[in-house]
Amino acid sequence: MNDNKDIHQYDDIINLPHHQSATRPHMSNYDRAAQFSPFAALTGHEAAIKETARQTDEKLMLSDEAIAELNEKLNLIAEAIGTQQRVRITYFVPDNKKAGGAYITCSGCVKKFDEYEHTVIMEDKTVIPIEQISDIDGEMFGEMY
């Protein structure tokens, strides 16, 4: 007998419409689901792990002979500015966040040398610090080396 009473206990409210607040807007299903999304207790931890794992190259120290060769090639380039001689310059870009950096190769024509800033400026506006250059190559050097 007690079971029958339990079955009909909510008959008076079972068919009532779902309550909606007059003062609060209805929450979208997306926002409702967001309440239960995982919580990142260690904010930035994953980014720190990726940064630590990111590889950088060590800057190579050039010999005196290699530096002399680069200076000679830079002088030839300076004399040839305006003749549309294409060159490939490999240079080191230090990493802002950790020791080391990356070697980048830029191909194109040199637009000018900025002697005050000690940079090479390419036609595509790439600015290359002269002290970071590790290699220069191009057809204009022919069988020079």
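The values are calculated or read from the model by the stated rules, or taken from the named source; none is laboratory data. A quick note: this is a predicted structure, and the numbers were derived from the prediction, not measured. When we count neighbours, we look across all protein chains shown, and the Cβ atoms used for this are built from the backbone with ideal geometry, even at glycine.
Could you figure out which of (1) among the β-branched types (Val, Ile, Thr); (2) touching a Phe, Trp or Tyr at 6+ places or on another chain (Cβ under 8 Å); (3) within 15 Å of Gly138 (Cα to Cα) isn't true of Val110?
(2)
Please find, among Tyr103, Tyr30, the residue that is closer than 30 Å to Gly142 by Cβ and out of contact with any Cys (no Cβ under 6 Å at 6 or more places or on another chain). Give the derivation first.
On the way: Tyr30 fails: closer than 30 Å to Gly142 by Cβ.
Testing whether each residue is closer than 30 Å to Gly142 by Cβ and out of contact with any Cys (no Cβ under 6 Å at 6 or more places or on another chain) leaves just Tyr103.
How many residues does region 80-94 hold that are modelled with pLDDT under 90 and under 20 Å from Asp135 (Cβ atoms)? Let's see the steps before the verdict.
Going through region 80-94, the residues modelled with pLDDT under 90 turn out to be 80-85.
Checking which are under 20 Å from Asp135 (Cβ atoms) leaves us with 80-81, 85.
Residues flagged as modelled with pLDDT under 90 and under 20 Å from Asp135 (Cβ atoms) within region 80-94 amount to 3.
Condition first: over 19 Å from Thr119 (Cβ atoms), touching a Phe, Trp or Tyr at 6+ places or on another chain (Cβ under 9 Å) and not aliphatic (A, V, I, L, M). Can you find one or more residues in region 76-86 that meet it?
Within region 76-86 (the criterion being over 19 Å from Thr119 (Cβ atoms), touching a Phe, Trp or Tyr at 6+ places or on another chain (Cβ under 9 Å) and not aliphatic (A, V, I, L, M)), the answer is no, since none of the residues qualifies.
Does region 101-121 contain any residue that is aromatic (Phe, Trp, Tyr) and assigned to a strand (DSSP E or B)? Steps first, answer last, please.
Step one: list which residues in region 101-121 are aromatic (Phe, Trp, Tyr), which gives 103, 113, 116.
After this cut, where a residue has to be assigned to a strand (DSSP E or B) as well, the list is 103, 113.
So far as region 101-121 goes, yes, one or more of its residues are aromatic (Phe, Trp, Tyr) and assigned to a strand (DSSP E or B).
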